[in-house]
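Taking it in order: structure first as structure tokens, then the write-up.
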Amino acid sequence: MAANAVMQVMAGPATAKVVETIAGPVTPDVSWMAYLPLLAVIVPWIGAVITALVARKVNETDNKIRHVLTCITAISAFVIVVLMQKPVVQGIEVGGQLYKGLELHLPLVLGKGITFGVAPIGLLIATVTSLIWALSSIYATSYMTIEHAPRRYFLFVILTLGANLGVLLSKDLFTLFLFFEMMAVLSLTLVVHNENGPAMAAGKVFNYMGTIGGLLLLGGMMILYSKTGTLDIAPMTDLIEATMPGALKYVVAALMILGFGSKAGIFYMHIWLPEAHPVAPTPASALLSGLMIKTGAYGILTTVCMLFAPDPHHAAHGMTTLNYIGYAVIWVGIGTMFFGVVNALLSTNCKRMLAYHSVSQMGYIVMGVGVAGYLGNEGAMGLAGSAYHMVNHALFKAGLFFSVGAVYFHTHELDMYKLGGMIRNMPFTAVACLVSVFGITAMPMFNGYASKTLLHHAIEEAYTHSAHFTASHQPDTLLLIAEAIFVLTAFGTFCSNAKMWSFVFIWKRPEKYKDVPPEPMSMRIAMGILSAVIIFVGLKPHFLINHYIGPALGSYGMDPASYAYSKIYYLGYMTSKIHLLYDPLTMEVLTKYNVGDFLGVGIATLGGGLYFILGYRFGWFHAAPPEWTSVKYQYTKFATKFIDTLSAVSIAVSDGVNKFYYDATAILNPISSISLGTSETVNNSYYAIAPKFIRFITGASSVTSEAVDGAYARAGDVVMKAAEGTTHFDRAIDRSYDRSGELVRGAAARTQAFDRSIDSSYERSGELVKKVAMETDRFDRHLDESYEKSGELVKRVAMETDRFDRQLDEAYEEAPKKSLTFWDKFLGRQEGGEFDIKSLGFDTLLMAIVLGVFLFVLIYYTHF
Amino acid sequence: MGTNLVVLLAILTPMIGALVVYFASKAISETAGAFLTVVVSAVTAVLVISLYPTVMAEGFYWEVFSLLPAIPLVLAIDALGMHVGIIASVMWVFATLYSVEYMIPEHAKTRFNAFLLLSLGGMMGIVFTGNLFSLFFFFEFMAIVSYVLVVHEEDEKSLKAGFKYLFMGVVGGLILLLAIIATHEIAGTTDLTGRGLAALKESPNFVLIFWAFILGFAVKAGMFPVHVWLPDAHPVAPTPASALLSGVMIKAGAYGMIRTVYGIYGPGVLANFNTGHMLLILGVITMILGSGCAIMQKEIKRLLAFSSVAQIGYIVVGIALLSPTGLTGAVLHIFNHAITKGTLFMCAGAIIYKTGLRQLSDLKGIGKNMPVTMMCFTLAAISMVGLPPFAGFISKWTLAQGSLEAAELGVISSGAGLAMVGVFLLSSLLNAVYYGPIVIGAWFGADEHAAGHGHHAGPVNPPKGDENVDPTALMLLPMSILALGTLYFGLFPTYPLTMAETVAKFFFGL
């Protein structure tokens, strides 16, 4: 494979300036690093296939081999991704030159060539992705013992990992789309894994929404590429503005955001998510809900913040394209988060509830991206918040799914109202779950706190900065409402998760679950590591900001001089000190900057708690909204109608055309009847003429025959006479002989010898004559025979004529019958079917067309 | 002279081979005849491929002799002819190889094999001729000999479909002949090797002759509104023939259309007339209508046939866009559709051959019994829907780029360019709507076979439990190579893409 590895030089974040310089000669050690993104995709694929080939059966030995190989594969993918951190973020020095970023171009693939390239945010998500994938694989080693078809599961789950990493490690949209679609197809197998009714139904929705989303994205990409000539994931605002004036760029942005949004689960594109995530096996649910939807969010972030990246040095005056897009995306995010949480509150199935929370949390992320776009080069807060929240959501959502799955593993129950008191059976799970719940509810010292704080600041900044964009130079009040919805969603998030945790782990334990054994060791490992990471990130929130998110901001066109830019680092630092409340210095700073955030969490907790109590008291959690409010219902109705109508119209048109060809004959009825009439007339004239003709022939023949007879007879007379003459001659000769005999005898008396000889000569000549007579006789007989024969001949001719006549008659009688069978065979008509004009079918059309062709020729030559 | 001989042999080998196969089948055995068919196809393919370097370097033109005064039989090959010729001859090898086992329970194998080869000869003749009269000769020849393939079963259904096929083929041929004669009268030549006949452009009957050409070729291609024979004729033929009819032979029509639009008229001329737009609209209708009908189908081969109608729509649209990239997409799709539809028909045929099941409702869970077959089907179906990294994606991408380019060039309005992108996406979605359930249903869900509920044309032998009923390697080999081909030519589309670009560059004089 001809691979052209190129290292890209990018200036560090300190100057926050992207220098697009392609390095000249690539040193060997650098090029080795450049292959890492490709390896991250290929290694899981190879590992998965090898695993599936080695471990074929479902028995203890094969299961063990399968588990070990799968975990090794997933962990090596994680290692490969981690290895990329140094060249991408810190850079490596080769020959006194600092190389930053990895790029690998495979020119032959897909015609256009695909390009891997690693950006810090993509790498961050890829790192979390591969980490959680490895944990999920460990978790699955015990979980999959209660599921069927483990071989298929492990094969496809690791194949999906490769595709997922590919999305995050792409340098151009074309490559990204390739892996995006691959992931969609491969992960379908995880959704439908159970193969029961709900799984198949969910798979259907998943498939259609995935396809529709992919096609919308593809449409956006097609237009973008056609206009700009490039699909690089790089800032191209100027190019877009230059090549797509007018509304087209908004169309492109909308198509791409909707396309990615279908995977991210944004409002109105989310319908597949609460269907598909709960039905998949739990380790796969964690991956679907925690990681795969992030590719959608990452795509939206890339579209808004990278392709339409703002000028880092000049704040825009008035609304730019990016501002409009960002503003729309904020509301998409707000709508999604609120809608998601409302549905989560109404869910009874734990996994379904978690899936709706994924929708809701994606809303936070999308909102952050929206703010980043809306504020242009001052939107660093939104960008950092959403990137950070992508990581955090992955961590705590995986943790939540893992713990719910651990409960399900032994109880086979997902309804939170039917569970209870599981803390006594599996305290480890209960604690791990609580850690994740604290994460999702943004408790200080847990991971969600930092990212949600950033996001909250972001929406506040959007409100305060909106004065720059409004005509009245007053802040946009709508954004204040957005902020309120943000807080309200936080209420719901707390309430819903607290409810789930308490119902599953605390509430009264049903009798039948008294002896439920504790979770297996592999699950403990997975949940334990995850909880540790959640707490680590919670305590050291600046770690990710310093190592991944901060260095990336510059490449998204964020102004390093902006207030938000520096505040992110500061907030990261401050949130990390939150456990040092006793420190008076920290306390002082906290009061100044952070108390608001802290209070915010407190309010959300209190509000959520109140809502929980009231909701429980008044049964709000069991309210069922009417069917028409269901987005899925609306979709299904529309889609069904659309497809039905389209197919029905298509069939009708196609059949119509077909029928038209048959029915075209109706227009040509006159021609057919004239043809038929002519044909019958000719037929009748045959009937009329033929017998006459034959009679004439017969008559003429008999006359001729008689004439010939007469002639023969006459000729016979002549011959007879001739024969008689011959006899006469014979007798005359006899007589003359007699006479001459006497004469000779008289003479012979004189010469005996001579006499004898004469005698014999007489005798001889007599014989001769007799012979002649006999010959004549034979000739006569021959003649007679020939007479007879010629008579027979004439008779035979007459008979033949007669037979021919009969045959003709028969043929005429048979003619219509025979042609009917012929057409029957061709047209597939039934025996004895009615002969109407409609069934004339193609033969008539043939005539019509030929006529048409004639007309055409006529017209042609008159014009020519 | 060496090249002349090779070209002549490429056309004559299958025709003479047909006779050899016929007598060998009588003299030795039908199996020997079947294998001999493969050999003849392979020899033809080798001959055709061996022409590639010469043709691509310097082209090929040879006036063999005069059929009539001033109407010579001309053999000529350019990039387009080479492209379609290679596709056809190679696909024939796969189809004949597949047919060795497939045809075992069938009757009249000798006749089938002989006529299969005769059709190949006709196909080779079509793409290797340099003027319209020569093309017409082979065009009609192929139409007539392939009739025998369609009616092979000789039951009511196939006779009816065959009659329709023959009839429409004859009418299409007559109309084509009319156009050819008119062209000859006006332009004094029917040369196909150029980029437009100047005299024809001056004629007042320009448009009329154009439509006569298009109609004549459209019948063979299966374009709306003369597509009605296709969904009847393709499913009733034995599967190897279906694969060739749907995968290759309809491309003879598409080939003719490219020659008409670009070789006889030239893109610059048509861009100024509404006829190009009309053709584009017909293409779009064909595309959507084919898919719309396919959704409603209950029998797999009929579904595939309607899918072919839809795919011909893609090609027609690509031709009618009158932009270099659009033409590239069309020529590329001729290639991609050939391997993809070939695979799909072979897989469907394998299922019918082994189980007798043809109703879609009966194919649930078939993946468990025929894993290799259904894997091939799945790959090809994904390619058909147009997901990366499969071949179908490349042609769809190119065609969409072509429609936006056409808007840029001013052939169509920019709104229409965007609408065309929408049409391509909608068509992909529709493809997913009818291929998705087959694939998903085959692998997942219902364990029990619902066999016996639908209408069955032949004997049904549904597999029981998890028993593996994949056919033997003889059938699996051609279809898995083709299925992997859809993946390979998606990942590395260099060969077909370069060919298609060469064709487009030639016709646009780039």
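Taking the criterion of being over 22 Å from B:Val219 (Cβ atoms) and either surrounded by 24 or more Cβ atoms within 10 Å (Cβ to Cβ) or in contact with a strand residue (DSSP E or B) (Cβ under 9 Å, 6 or more places away or on another chain) (or both), the residues of region B:268-302 that qualify are B:Lys298, B:Glu299, B:Ile300.
Take the conditions (1) more than 9 Å from chain B (Cβ to nearest Cβ); (2) open to solvent by 40 Å² or more (accessible area, probe 1.4 Å); A:Tyr225 misses just one of them, which is (1). The residues in region B:206-225 that are part of a loop (DSSP other than H, G, I, E, B) and open to solvent by 10 Å² or more (accessible area, probe 1.4 Å) can be counted, and the count is 2. In region B:384-394, of all residues being assigned to a loop (DSSP other than H, G, I, E, B) and within 9 Å of chain A (Cβ to nearest Cβ), the one that is most open to solvent (accessible area, probe 1.4 Å) corresponds to B:Leu387.
Remark: pairs (first residue in region B:186-200, among the hydrophobic types (A, V, I, L, M, F, W, C); second residue part of a strand (DSSP E or B); Cβ separation under 8 Å; 6+ apart in sequence or on different chains) = B:Leu192/B:Ala76; B:Leu192/B:Thr129; B:Leu192/B:Asn131; B:Leu197/B:Asp191.
Contact annotation: residue pairs with Cβ atoms under 8 Å, 6 or more positions apart or on different chains, pairing a residue in region A:512-528 that is open to solvent by 30 Å² or more (accessible area, probe 1.4 Å) with a partner that is not in a helix (DSSP H, G or I), are A:Pro517/A:Asn425; A:Pro518/A:Asn425; A:Pro518/A:Met426.
Report whether or not B:Glu185 is facing chain A (nearest Cβ under 8 Å), surrounded by fewer than 24 Cβ atoms within 10 Å (Cβ to Cβ) and either among the small types (Gly, Ala, Ser) or out of contact with any Ser or Thr (no Cβ under 6 Å at 6 or more places or on another chain) (or both). Yes. Filtering region B:189-243 to residues that are among the charged types (D, E, K, R) and farther than 30 Å from B:Glu154 by Cβ leaves B:Asp191, B:Arg195, B:Lys201, B:Glu202. Of everything listed in (1) of a type outside the set (A, V, I, L, M, F, W, C); (2) open to solvent by less than 10 Å² (accessible area, probe 1.4 Å); (3) more than 9 Å from every other protein chain (Cβ to nearest Cβ), the single unmet condition for A:Pro198 is (2). The residues of region A:147-171 that are open to solvent by less than 10 Å² (accessible area, probe 1.4 Å) and closer than 29 Å to A:Pro107 by Cβ, listed by number, are A:Ile158, A:Thr160, A:Leu161, A:Gly162, A:Ala163, A:Asn164, A:Leu165, A:Gly166, A:Val167, A:Leu168, A:Leu169, A:Ser170. What is the number of the single condition among (1) at the interface with chain B (Cβ under 9 Å from one of its Cβ atoms); (2) open to solvent by 50 Å² or more (accessible area, probe 1.4 Å); (3) within 21 Å of A:Lys351 (Cα to Cα) that A:Thr189 does not meet? Failed condition: (2). Within region B:93-114, the set of residues being out of contact with any helix residue (DSSP H, G or I) (no Cβ under 9 Å at 6 or more places or on another chain) and open to solvent by 40 Å² or more (accessible area, probe 1.4 Å) comprises B:His107 only. Contact map, region A:373-396: residues that are outside any helix (DSSP H, G or I) paired with residues that are small (Gly, Ala, Ser), Cβ distance under 6 Å, separation 6+ or inter-chain. Pairs shown: A:Gly379/A:Ala372.
From the list A:Ala242, A:Ala149, which residue is at negative phi and assigned by TED's automatic domain parsing to the domain that holds A:Ala284? It is A:Ala242. Residue by residue through region B:395-414, note down the ones that are within 10 Å of chain A (Cβ to nearest Cβ) and open to solvent by 10 Å² or more (accessible area, probe 1.4 Å). Correct list: B:Trp397, B:Thr398, B:Gln401, B:Glu405, B:Ala407, B:Glu408, B:Ser414.
Taken over region B:120-176, the criterion of being outside any helix (DSSP H, G or I) and either open to solvent by 10 Å² or more (accessible area, probe 1.4 Å) or not aromatic (Phe, Trp, Tyr) (or both) is satisfied by B:Thr129, B:Gly130, B:Asn131, B:Val151, B:His152, B:Glu153, B:Glu154, B:Asp155.
Looking for something polar (S, T, N, Q) and within 13 Å of chain A (Cβ to nearest Cβ) - is there at least one such residue anywhere in region B:198-213?
So in region B:198-213, the residues polar (S, T, N, Q) come out as B:203, B:205.
Subset that is within 13 Å of chain A (Cβ to nearest Cβ): B:203, B:205.
Yes, because at least one residue in region B:198-213 is polar (S, T, N, Q) and within 13 Å of chain A (Cβ to nearest Cβ).
Filter region B:357-383 for residues that are closer than 22 Å to A:Leu108 by Cα and open to solvent by less than 10 Å² (accessible area, probe 1.4 Å); which is nearest to the other protein chains (Cβ to nearest Cβ)? Lay out the reasoning, then the answer.
Keep residues of region B:357-383 that are closer than 22 Å to A:Leu108 by Cα, which gives B:379-380, B:382-383.
From the residues that got through so far, the ones that are open to solvent by less than 10 Å² (accessible area, probe 1.4 Å) too are B:380, B:383.
Working: B:Ala380: 14, B:Ser383: 12 Å.
The selected residue is B:Ser383.
The residues of region A:303-353 that are open to solvent by 10 Å² or more (accessible area, probe 1.4 Å), among the small types (Gly, Ala, Ser), part of a helix (DSSP H, G or I) and more than 30 Å from A:Val279 (Cα to Cα) amount to a single one, A:Ala328.
Please work out if A:Ala561 is modelled with pLDDT of 70 or more, surrounded by fewer than 18 Cβ atoms within 10 Å (Cβ to Cβ) and in a loop (DSSP other than H, G, I, E, B). Answer is yes for this residue. Reported count of residues in region A:436-479, each being in a helix (DSSP H, G or I), closer than 17 Å to A:Met381 by Cβ and aliphatic (A, V, I, L, M), is 8.
Tell me, please, whether a residue that is within 14 Å of chain B (Cβ to nearest Cβ) and touching a residue at least 24 places away in the same chain (Cβ under 8 Å) can be found in region A:76-85. No - not one qualifying residue is present in region A:76-85.
Residues of region B:20-48 being part of a helix (DSSP H, G or I) and more than 25 Å from the chain's Cα centre (by Cα), which ones? Let's see the steps before the verdict.
The first filter runs over region B:20-48 and keeps only residues part of a helix (DSSP H, G or I), leaving B:20-27, B:30-48.
Selection gives B:Val20, B:Tyr22, B:Phe23, B:Ala24, B:Ser25, B:Lys26, B:Ala27, B:Glu30, B:Thr31, B:Ala32, B:Gly33.
Among residues of region B:474-498 being in a helix (DSSP H, G or I), open to solvent by 10 Å² or more (accessible area, probe 1.4 Å) and within 10 Å of chain A (Cβ to nearest Cβ), the one that is farthest from B:Pro324 (Cα to Cα) is B:Leu491.
The values are calculated or read from the model by the stated rules, or taken from the named source; none is laboratory data. All of these numbers come straight from a predicted model, not from anything done at the bench. Cβ atoms come from the backbone with ideal geometry, glycine included; neighbour counts cover every protein chain shown. These accessible areas exclude ligands, DNA and RNA; they are computed on the full protein's heavy atoms, side chains included. Shrake-Rupley method; radii C 1.70, N 1.55, O 1.52, S 1.80 Å.
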